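Novice: The structure is given below, and queries will be raised subsequently.
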Amino acid sequence: MTNYIQYIKDNTIRCETSHRGGGIEISLDKIIGGDNGYKMSAYQNYLGGGMLGKICNSYDFELDLLNKSKQLKIEKITEALNKYFHNLTNHADNEWENQTYLQNQSMPASAY
């Protein structure tokens, strides 16, 4: 599977974005296999002063329990999901952010 963006669009469970952060959650059942409800999230916290923190991820399963091939696919889709979410929160008409993906990922995850 090379078109992870299309996979993300087709398998999004929820997506909420705002100037205070937000998150996106996708199903991974088609990648991991089965119908077990495997999910991954990407989320972003508001740091204050109009800045958003780096995009972080969470999973509802243990990555170490997957075989190496599936772990590699999860790594690739994680990066694609983070970039996809960054594009949702960081575009020209968005008044609260204007950073590259790499600049954003160098930010702290939270202000605390």
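The values are calculated or read from the model by the stated rules, or taken from the named source; none is laboratory data. Please read these numbers as outputs of a predicted model, since none were measured by experiment. Glycine also receives a Cβ, built like all others from the backbone with ideal geometry; neighbour counts cover every protein chain displayed.
Novice: Identify, from the list S58, S41, the residue that is exposed (fewer than 12 other Cβ atoms within 10 Å of the Cβ), at negative phi and hydroxyl-bearing (S, T, Y). Break it down into steps so the answer makes sense when it comes.
Specialist: Working: S41 fails: exposed (fewer than 12 other Cβ atoms within 10 Å of the Cβ).
Exactly one residue qualifies, and that residue is S58.
Novice: Can I ask one more? Taking K70 as meeting all but one of (1) over 17 Å from the mean Cα position of the chain (by Cα); (2) part of a loop (DSSP other than H, G, I, E, B); (3) of a type outside the set (G, A, S), write down the number of the exception.
Specialist: Unmet for K70, out of (1) over 17 Å from the mean Cα position of the chain (by Cα); (2) part of a loop (DSSP other than H, G, I, E, B); (3) of a type outside the set (G, A, S): (2).
Novice: Another question, if that's okay. Inside the stretch 49-63, can you point out the residues that are of a type outside the set (G, A, S) and in a strand (DSSP E or B)? Lay out the reasoning, then the answer.
Specialist: Applying the first criterion (of a type outside the set (G, A, S)) to the stretch 49-63 yields 51-52, 54-57, 59-63.
Those that are of a type outside the set (G, A, S) and in a strand (DSSP E or B): M51, L52, C56, N57, Y59.
Novice: Output the number of residues of the stretch 89-103 satisfying the condition of being modelled with pLDDT of 90 or more and surrounded by 15 or more Cβ atoms within 10 Å (Cβ to Cβ).
Specialist: Count: 1.
Novice: Please list, ordered by first then second residue, the pairs with beta carbon atoms under 8 Å, 6 or more apart or interchain, first in the stretch 23-38 and of a type in the set (V, I, T) and buried (at least 18 other Cβ atoms within 10 Å of the Cβ), second modelled with pLDDT of 95 or more and assigned to a loop (DSSP other than H, G, I, E, B).
Specialist: These pairs meet every condition: I26/N11.
Novice: Where residues in the stretch 8-22 are surrounded by 17 or more Cβ atoms within 10 Å (Cβ to Cβ) and at pLDDT 95 or above, which of them is farthest from L72 (Cα to Cα)? Show your work before the answer.
Specialist: Residues of the stretch 8-22 surrounded by 17 or more Cβ atoms within 10 Å (Cβ to Cβ): 8, 11, 21-22.
Then keep just the ones that are at pLDDT 95 or above; that gives 8, 11.
Numbers: I8: 16, N11: 19 Å.
Looking at the filtered set, the residue picked out is N11.
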